[in-house]
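No lab work stands behind these numbers, since they all come straight from the coordinates. This structure is a prediction, so every number in the text was calculated from the model and none was measured. Note: ideal-geometry Cβ built from the backbone for every residue, glycine included; neighbour counts use all protein chains shown.
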Amino acid sequence: MSSSRSQEDTYESQNDQRLDELHSKIRTLRGVTTDIYDDAERQNLVLDETTNTFSSVASGLVSSADRMTRAVAPGTTKTMRIAIAVVLLLVGVWLSKFLLAWFFGW
């Protein structure tokens, strides 16, 4: 009986050791699983922010395209010509000032 009892104790000790090893592996696996979950959540947040940024850029492009369409509409060409003429006149005056100063040494 003593030998049988000793063998049972040995098996019980081995079972306890294996159970502790299994418990350690489960804790490690749980930690890895938690890390994977946290990383996935962070990536989801980054994707959401990226989606919002692209949506904002798309809205800005649509708005700019609408404004450009209105600016080159048939009724606005006269206004645009006047604006271009005024800008060219101002640039011409500015350039002539520098050319006259260079030419006459002012």
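Eigenvalues of the alpha-carbon gyration tensor of the chain, scaled by 5 and square-rooted, set the equivalent ellipsoid semi-axes at 86, 22, 5 angstrom, largest first. Of the residues V62, V86, V46, the one that moves most in a GNM of the chain with alpha-carbon contacts below 10 Å is V86. Of the residues G75, H23, G92, the one whose Cα sits farthest towards the positive end of the charge dipole of the chain is G92 (charges of +1 on Lys and Arg Cβ, -1 on Asp and Glu Cβ, taken about the Cα centre). Annotation for segment 1-67 versus segment 78-103: alpha-carbon center distance of 67 Å.
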